[in-house]
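The values are calculated or read from the model by the stated rules, or taken from the named source; none is laboratory data. Model, not experiment: these values are computed from the prediction. Here Cβ is always computed from backbone atoms with ideal geometry, including for glycine, and neighbour counts include all displayed protein chains.
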């Protein structure tokens, strides 16, 4: 049954999931995700082997389909990580661009910028911009998290 193959995988691959070392939060999270992917692949393999043990037949097509599913899952995980990194970079770029334009305007015409920042409309516009940036950051982080 399924538990038999799970026990066999842990017996013949001791320490298979316990190779995690504290190497910083990023590396630790990366290794945990890799271990989770490996664990899911091993569970899929164990389930497939137990079903095949019960039903019989040719093992080659079954193992090739399990390998294809594992590769596809890894590819999807890589694409998700890539999209998350692109989203974070674009958020930082847009925020940096806004402050860069403000700095250029300040260096080009400081008296106009001082007058703008000291007026009530200018202060309200700056405060609104900062609040909307914070909302945008929270929103982009919520969108870019994998579900």
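Quick look at the values:
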read-out: Options 8, 36; residue that is at pLDDT below 80, over 22 Å from the mean Cα position of the chain (by Cα) and assigned to a helix (DSSP H, G or I); value: 8
read-out: Top-ranked residue in the stretch 69-87 [being in contact with a helix residue (DSSP H, G or I) (Cβ under 8 Å, 6 or more places away or on another chain) and in contact (Cβ under 8 Å) with a residue 60 or more places away in the chain; ranked as surrounded by the most Cβ atoms within 10 Å (Cβ to Cβ)]; value: 84
read-out: Those residues of the stretch 126-147 which are more than 28 Å from residue 85 (Cβ to Cβ) and touching a helix residue (DSSP H, G or I) at 6+ places or on another chain (Cβ under 8 Å), in sequence order; value: 126
read-out: Test result for residue 65, within 30 Å of residue 145 (Cα to Cα) and at pLDDT 85 or above; value: no
read-out: Evaluation of residue 58 against (1) over 32 Å from the mean Cα position of the chain (by Cα); (2) assigned to a helix (DSSP H, G or I) (one fails), failing number; value: (2)
read-out: Test: residue in the stretch 113-128 that is under 26 Å from the mean Cα position of the chain (by Cα), more than 30 Å from residue 41 (Cα to Cα), assigned to a helix (DSSP H, G or I) and without any contact (Cβ under 8 Å) to a residue 12 or more places away in the chain; value: no
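Okay, residues lined up against (1) at pLDDT 85 or above; (2) within 29 Å of residue 133 (Cα to Cα):
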position: 50; (1), (2): no, no
position: 54; (1), (2): no, no
position: 70; (1), (2): no, no
position: 81; (1), (2): no, yes
position: 85; (1), (2): no, yes
position: 92; (1), (2): yes, yes
